[in-house]
Amino acid sequence: MTSLLDLAPVIPVVVLHDAADAVPLARALVAGGLPAIEVTLRTPAALDAIRAIAEEVPDAVVGAGTVITPAGVADSVAAGARFLVSPGWTPRLLDAARESGVPFLPGVSTASEVVALLERGVTEMKFFPAEAAGGTAYLKSLSSPLPQARFCPTGGITAESAREYLALPNVGCVGGTWMIPADALAARDWGRVEGLARGAGGLRGGSLGV
């Protein structure tokens, strides 16, 4: 199976308040070259949105973000999530994610957290909050002592800074929201979303299969 970090250069981080927007949004993102879509569990509509994308957009690889409890793991997988993302991790959460059978990107922001995950056999992680936690300089400093760790930095990344992150040897992809502007989502301007997604998808080549 292709690594989640290699599907596309950018994973859109989506917050949806209306599940009816999920399918057209996902179709626009996929058409723009961003098949991996993280729907965060921050709203009551999130699980319904994941379910709709899983059922109606077969080319999308939909996942759940802001997964912070074992119940969240179970609910997300039941809704059709094909990967899980967390802002941090605990042994209990990691165990639940592993038992789910789907890829999991646990969040880290320190070298000690990275080492702890490497001890448990986890080599792919979310670096969060990327900009606040040290940005590209911090990740670059981790690449020499901890070359086996690969990251998806998320948090404060823009279309301009994404390329700098993607140039690092230990970054597989980045997470971001800039291709889903709030005004475009409110106006349901899916054409604009597709165009912005195409720009993000062109930052670096990626495979569309898992």
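The values are calculated or read from the model by the stated rules, or taken from the named source; none is laboratory data. Because the structure is a prediction, the values reported are computed rather than measured. Heads up, the Cβs are rebuilt from the backbone with ideal geometry, glycines too, and the neighbour counts pull from every protein chain shown.
If I ask for residues that are touching a strand residue (DSSP E or B) at 6+ places or on another chain (Cβ under 8 Å) and either more than 22 Å from Arg27 (Cα to Cα) or modelled with pLDDT of 95 or more (or both), which ones from segment 169-210 would you list?
Asn170, Val171, Gly172, Cys173, Val174, Gly175, Gly176, Thr177, Met179, Ile180, Ala197, Ala200
All conditions but one from (1) within 24 Å of Leu117 (Cα to Cα); (2) out of contact with any Asp or Glu (no Cβ under 8 Å at 6 or more places or on another chain) apply to Ala46; the one that does not is (1). Take Leu5 and decide whether it is surrounded by fewer than 24 Cβ atoms within 10 Å (Cβ to Cβ), outside any strand (DSSP E or B) and within 11 Å of the chain's Cα centre (by Cα). Yes: the conditions hold for Leu5.
Per the listing Thr40, Thr90, the residue uniquely of a type in the set (S, T, N, Q), at pLDDT 95 or above and within 12 Å of the chain's Cα centre (by Cα) is Thr40. Number of residues in segment 116-148 that are in contact with a Phe, Trp or Tyr (Cβ under 9 Å, 6 or more places away or on another chain), free of Cβ contacts under 8 Å to residues at least 60 places away in the same chain and of a type in the set (D, E, K, R): the value is 1. So for segment 140-151 (the condition being buried (at least 16 other Cβ atoms within 10 Å of the Cβ), touching a Gly at 6+ places or on another chain (Cβ under 8 Å) and closer than 19 Å to Gly201 by Cα), does at least one residue qualify? Yes; the residues of segment 140-151 include at least one that is buried (at least 16 other Cβ atoms within 10 Å of the Cβ), touching a Gly at 6+ places or on another chain (Cβ under 8 Å) and closer than 19 Å to Gly201 by Cα.
Which ones in segment 13-50 are touching a helix residue (DSSP H, G or I) at 6+ places or on another chain (Cβ under 9 Å) and β-branched (Val, Ile, Thr)? Hits for segment 13-50 are Val14, Val15, Val23, Val30, Ile37, Val39, Thr40, Thr43, Ile50.
Count of segment 99-122 residues, restricted to those that are crowded, with 16+ Cβ neighbours inside 10 Å, part of a loop (DSSP other than H, G, I, E, B) and in contact with a helix residue (DSSP H, G or I) (Cβ under 8 Å, 6 or more places away or on another chain), is 4.
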